[in-house]
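Down below is the structure, laid out as structure tokens.
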Amino acid sequence: MEDSYRHKGMRRKLVNEIRKKGILDEKILDAIYRVPRHLFLDSGFLGYAYEDNPFPIGSGQTISQPYTVAFQTELLNVKPGTKILEIGTGSGYQACVLASLGADVYSIERQKKLYEKACDLLPRLGFDIHLFYGDGYLGLPDYAPFDGILITAAAPDIPQCLFDQLQIGGVLVSPVGSGGIQTMYRFTKEKNGTISKEKFGSFRFVPLLKDKADD
Ligand code: SAH
């Protein structure tokens, strides 16, 4: 669980790279600087931890590219105390970036092994995140409403029940599409309860799958 000056130096470079790609919110860049991404990968992959790329984390899943993590975070308008539901905990890295910004984070994962790994790692890193094993398609109705919902897997379409779990004024950020490349959308729940949407470029995510995995 070492986080040395060398790791911090590598993160500083990564932050500069992401800034050059257009992420300008210094609070988000600082959160990327503070979360030790190498500890979310199996040891031995240090060389890859601070490249701006996605990386395999087991169970056929990937930790998102740091630029994508920063980009989705920016679309969520996180402030201290903002209550966020993340669908697709994966390694837990994105959840920790949100928590570093002061968000109250709820995160759900359908792969038991990844869920268990995050349950072990996140508290050891000092993060207090509400982790759930289950089908993110259903959201977490018992804990709704949320100020923001973040889907970190590609959804062919957004289930209505997730919009139902959004606060008025809240936003849902998700890559949408069923092919290899998806379009990033931000949906906003307006005062009258209708949903408006904005489009933000192309990304590549693993698919959002229905039901829990049977492992
Ligand atoms: N946010 C992660 C990256 C996640 S990759 C990180 O920072 O590391 C997408 C994750 O979504 C995978 O772990 C996958 O198992 C999970 N997933 C896919 N479909 C899901 C569903 N229906 N409910 C919950 N999690 C799901």
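The values are calculated or read from the model by the stated rules, or taken from the named source; none is laboratory data. Computed from a predicted model, the values in this text were never measured in an experiment. When we count neighbours, we look across all protein chains shown, and the Cβ atoms used for this are built from the backbone with ideal geometry, even at glycine. Just so you know, the surface numbers come from the protein's heavy atoms only, side chains and all, with ligands and any DNA or RNA stripped out. Shrake-Rupley method; radii C 1.70, N 1.55, O 1.52, S 1.80 Å.
At a glance:
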| quantity | calculated |
| --- | --- |
| Answer residue from the range 192-215, given it is among the charged types (D, E, K, R), touching a residue at least 24 places away in the same chain (Cβ under 8 Å) and surrounded by 10 or more Cβ atoms within 10 Å (Cβ to Cβ) and is farthest from the ligand (Cβ to nearest atom) among those | Arg204 |
| Boolean, Phe200 is in contact with a Pro (Cβ under 6 Å, 6 or more places away or on another chain) and not charged (D, E, K, R) | no |
| Considering residues of the range 93-111 that are of a type outside the set (Gly, Ala, Ser) and in a loop (DSSP other than H, G, I, E, B) only, the residue nearest to Lys79 (Cα to Cα) | Leu101 |
| Of residues in the range 135-160 being of a type in the set (Asp, Glu) and not in a strand (DSSP E or B), the one nearest to the ligand (Cβ to nearest atom) | Asp135 |
| Top-ranked residue in the range 164-187 [being more than 16 Å from the ligand (Cβ to nearest atom) and surrounded by 17 or more Cβ atoms within 10 Å (Cβ to Cβ); ranked as farthest from Leu75 (Cα to Cα)] | Leu166 |
| Some residue of the range 112-122 being within 29 Å of Gly22 (Cα to Cα) and either open to solvent by 60 Å² or more (accessible area, probe 1.4 Å) or outside any loop (DSSP other than H, G, I, E, B) (or both) | yes |
| Selection within the range 136-148 - crowded, with 17+ Cβ neighbours inside 10 Å and either at pLDDT below 95 or under 17 Å from Pro207 (Cα atoms) (or both) | Gly136, Tyr137, Gly139 |
| The one condition in (1) more than 13 Å from the chain's Cα centre (by Cα); (2) open to solvent by less than 10 Å² (accessible area, probe 1.4 Å); (3) closer than 27 Å to Val15 by Cα that Tyr93 fails to fulfil | (1) |
| Where Gly44 falls short, out of the listed (1) part of a loop (DSSP other than H, G, I, E, B); (2) of a type outside the set (Lys, Arg); (3) open to solvent by less than 40 Å² (accessible area, probe 1.4 Å); (4) away from the ligand (no atom under 16 Å from the Cβ) | (3) |
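To keep it simple, each residue is scored yes or no on (1) outside any loop (DSSP other than H, G, I, E, B); (2) open to solvent by less than 70 Å² (accessible area, probe 1.4 Å); (3) of a type outside the set (Asp, Glu); (4) within 22 Å of Ile129 (Cα to Cα).
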position	(1), (2), (3), (4)
Asn16	yes, yes, yes, no
Leu29	yes, yes, yes, yes
Ile32	yes, yes, yes, yes
Asn53	no, no, yes, no
Ile57	yes, yes, yes, yes
Glu74	yes, yes, no, yes
